[in-house]
Amino acid sequence: MRKPAAQQLQDYLAGQGLKSTHQRDEILAVFVSAGRHLSVEELYELMKKEHPRIGYATVYRTMKLFAQAGLAEELRFDDGFTRYEYKASDGHHDHLICTRCGRIIEFENDRIEELQESVAKKNRFLAQSHKLEIYGLCGDCRGKRAKKE
């Protein structure tokens, strides 16, 4: 079972000889509780609501640190923005990305995974990792589009 995020951070910092700070703890709490993929800009805006004196550079550097610690994964989608995803587990999932509003929907599908493994095996290819990103319109944006037409 995976340790709680705060404990993972403490262990990583201690192992690297880095100090634990209140700001890092607060950023982690907001990041984890957001429950969605966040850009540094989005996380910074969330942080400013409770901590108006926090700096953008602090949030940026802290997210880089979280990625190094294995708490966050940097994801770069075709829209050019880097977003961070909380690594709550080591499980694999894929993404549906709305090209209009930027919403990201995570999904898991065993059949897709089996097909990918089959294709790799058929081609005598040893896959080490993969990512599947499907771009289109989410249900909300499709609904808005239908109303306009």
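The values are calculated or read from the model by the stated rules, or taken from the named source; none is laboratory data. Since we're looking at a predicted model, the values are computed, not measured. Heads up, the Cβs are rebuilt from the backbone with ideal geometry, glycines too, and the neighbour counts pull from every protein chain shown.
Structure values in brief
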read-out: Selection status of Leu75, closer than 18 Å to Lys3 by Cα and in contact with a Phe, Trp or Tyr (Cβ under 9 Å, 6 or more places away or on another chain); value: no
read-out: Strands (runs of 3 or more DSSP E) (entirely within region 12-125) containing at least 3 residues that are farther than 28 Å from Lys144 by Cβ and at pLDDT below 90; value: none
read-out: Scope region 47-73; condition closer than 13 Å to Leu9 by Cβ and among the small types (Gly, Ala, Ser); matching residues; value: Ala67, Ala69, Gly70, Ala72
